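Let me begin by presenting the structure, written as structure tokens, before commenting on it.
Each reported figure results from applying straightforward, stated rules to the coordinates on display, with no laboratory input. Quick caveat, the model's predicted, so the values are computed rather than measured. Cβ: placed from backbone, ideal geometry, glycine included. Neighbour counts: every protein chain shown.
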Amino acid sequence: MKETHASPPLTPAVFHILFALATGDKHGYEIMKTVRHDSRGNVTMGNGTLYGSLKRMLADGQIEDAGDRANDDATRRKYYRLTNRGRDMLYAEMQRYLDTVEVINRYGVAPNLQTAGGLP
Amino acid sequence: MKHAIRLYSLLVTLYPRGFRETFGAQMRQTFADHYEDVERSEGHVGLRFWLALAVDELQHVGRQHADSLTKGGVLRKAVVGKAVVVALFFLPLYAACLGLMVNLALALPHPHVSGIFVVIAIASVVLVLPGIVSLTVSCLLVNALASIVAKDKSGAPGSS
């Protein structure tokens with residue numbers, strides 16, 4: 001199967017981390033919470049998955065260290081930021097999803113998820 | 001809370017050193033945030049939390065060790081390099097040992113053998129025995145050479 005998009009498909013963990021960082025810099029637990037919230041609880045990420053993915057994404061230049069910041073509780077936490085490369089990869093993945101939705105709509109094979117109870 | 005962080009710190013020590021140095025403190029902080037959040041929202045931290053944590057961490061401990069071993073293909077290159085040198089020693093040694101075994105087998109007086117299985121068994125011994133001997137000798141030679149080279153490198157000027 002030939003892939004016409006610029007970057008290879010992303011793993012679910014990487015996609016959700018990039019998606020979480022698209023709305024602003026975040027620290028580890030903020031990323032975890034955002035992923036759980038955005039996926040409606042379908043994707044839960046443990047520390048091992050999160051930091052293993054962050055390590056690979058840092059090495060690949062998809063994200064960068066945004067420095068340490070102190071929150072309301074005065075504890076300093078490391079923040080991560082999306083790079084241009086990461087944003088491009090996220091947009092390419094979103095385009096793949098949109099293309100898939102377009103094909104589903106064109107063939108009219110989408111199940112009625114609202115009434116079937118698939119979506120809240 | 002303190003005991004939980006201490007227990008989690010033990011889990012973090014299972015990660016490779018490089019990974020631990022880069023992410024260890026962040027992982028402990030993220031764990032503390034998560035633990036505090038669960039305790040606040042659910043009233044207590046149950047077995048399900050610890051089980052999910054242990055499964056996730058242990059999976060990734062293994063993966064990070066595998067990553068650090070094959071970092072930059074160092075391990076793969078070393079294994080392939082060693083295999084090539086072993087093969088260079090092994091092939092001539094095997095040819096020599098095989099020739100010796102065949103000559104010995106033909107020269108020595110032997111009883112009349114019959115049956116295909118007996119012939120195959122004798123042929124296997126004649127073929128395999130030199131193979132085992134040659135491979136063992138080759139590996140010993142390559143290891144001895146590798147240790148001499150490593151000693152030379154560590155004793156070279158400018159090396160720390």
Query - With Cα atoms, 0 to 90° folded angle of helix A:47-59 axis to chain A main axis - result: 90 degrees
Query raised in the report: Classify the stretch A:17-64: rounded, prolate or oblate, from the alpha-carbon gyration tensor (a ≥ b ≥ c, eigenvalue square roots; a/c under 1.5 rounded; otherwise prolate if a/b is larger than b/c)?
Result: oblate
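Shielding of A:29-35 by partners, i.e. mean partner chain Cβ atoms within 10 Å per residue?
That average works out to 3.
Per-residue mean of other chain beta-carbon atoms within 10 angstrom of the beta-carbon, peptide A:41-47?
For this peptide, the per-residue mean of nearby foreign Cβ atoms is 4.
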Query raised in the report: If r is the Cβ-Cβ distance from A:Glu102 to B:Arg48 and R0 is 41 Å, what FRET efficiency results, to the nearest 0.05?
Result: 0.55
Query raised in the report: Can you give the helix-only mean residue ellipticity at 222 nm for chain A, where every DSSP H stretch with n ≥ 4 adds -39500 (n - 2.57) and the sum goes over all residues, rounded to the nearest 500 deg cm²/dmol?
Result: -16000 deg cm²/dmol
Report summary line: Treating every alpha carbon of chain A as one equal point scatterer without solvent, the Debye formula yields log10 I(q)/I(0) values at q = 0.11, 0.14, 0.18 Å⁻¹ of -0.45, -0.69, -1.00
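Just in the stretch B:22-69: which GluC sites (Glu not before Pro) are loop by DSSP and have at most 14 other Cβ atoms within 10 Å?
none
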Report summary line: Answer check: the protein assembly as shown, Cα atoms, Kirkwood Rh, Rg/Rh ratio of 1.20
